[in-house]
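Written below as structure tokens is the structure these notes are about.
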Amino acid sequence: MLVCLKTCPNWLQETYPANKRDAENVPMPYGANKAKPASYILQAKVAFQFAARYGSNKQINKALLKIDSSQRWTADGINQQLTGLNTVKYIECDNERNKWWKGDKAHQTAEEYAANLSAFYDGHKGILGKDIGIKTADPDMQVVMAGLAKTDVNYVKGMIEWCRINRGYKADGSINLCFDVINFHLYDNDHLDHHDQATQGIAPEQSEAAEVASQFALLSNQYHLPVWVTEAG
């Protein structure tokens, strides 16, 4: 099971001007700096709570858990503090963050999305707090980067470079990445490039699918990360 944590809740959308509210906006309050991991702390707090409950780690400080324990209607079951249910192994941080068709409010550059992921992954290496990020709650849960709308291997390379500069290196000399799985989307159609509207689908062997897959496979081998395709057609 791959869980995709995506879309802005109404209370977050309401921080935006009325004409800029959209469920697919960048997951941060209006006016925050898209380039800073701290801008994504609210989403990363949700990530911690989710991983604490549905991940594999039972040794979590219960004082950090936040649940709604109110009874919503007669005979409604009361939510309980639970940890380590061990039901989710993979989680995707949002979806198609390089979308271009909704403008700046919904688009992130490679560097901006890497900053987002760094908060989501482990609270930007723990800097943001004790209840921030997936790995803070469950080191074994695997974080999958959002599937790319514009299938460009250079976007992932940009994310990796951001990690090199802002997260540094691990003890083994590898870059301290903030994602465990590379992910992209690819639809086989007659578009001239990814910004043009397609009019019909085409057979995969007549598209750029094989070339794109080869590029991502090379990146996978270089950084020892699996590559997933979570949307195709």
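Coordinate-derived values only; no laboratory data. Please read all numbers here as calculations on a predicted model, not as lab measurements. Please note: Cβ atoms are built from the backbone with ideal geometry, for glycine as well, and neighbour counts cover all protein chains shown.
Here are some notes:
- Computed over segment 74-114, the percent of Cα pairs more than 14 Å apart is 67.
- With the highest mean first, a sort of the peptides 62-75, 99-112, 117-130, 172-185 on other beta-carbon atoms found within 10 angstrom per residue produces 117-130, 172-185, 99-112, 62-75.
- Rounded to two decimals, the Cα-based Rg/Rh of segment 22-78, with Kirkwood Rh, is 1.10.
- Segment 116-233: antiparallel DSSP beta bridges as a percent of all, rounded to 5: 20 percent
- Per residue of the chain, the DSSP helices (runs of n ≥ 4 H) give a summed -39500 (n - 2.57) that works out to -8000 deg cm²/dmol at 222 nm.
- For the Cα trace of segment 122-233, dividing Rg by the Kirkwood Rh returns an Rg/Rh value of 1.05.
- Within the chain, percent of DSSP bridges classed antiparallel, to nearest 5: 10 percent
- Computed over the chain, Kirkwood Rh from alpha-carbon pairs, angstrom: 18.9 Å
- The calculated pair-distance distribution of segment 15-152 uses every alpha carbon pair, bins of 10 angstrom beginning at 0, and gives 12, 37, 31, 17, 3, 0 percent.
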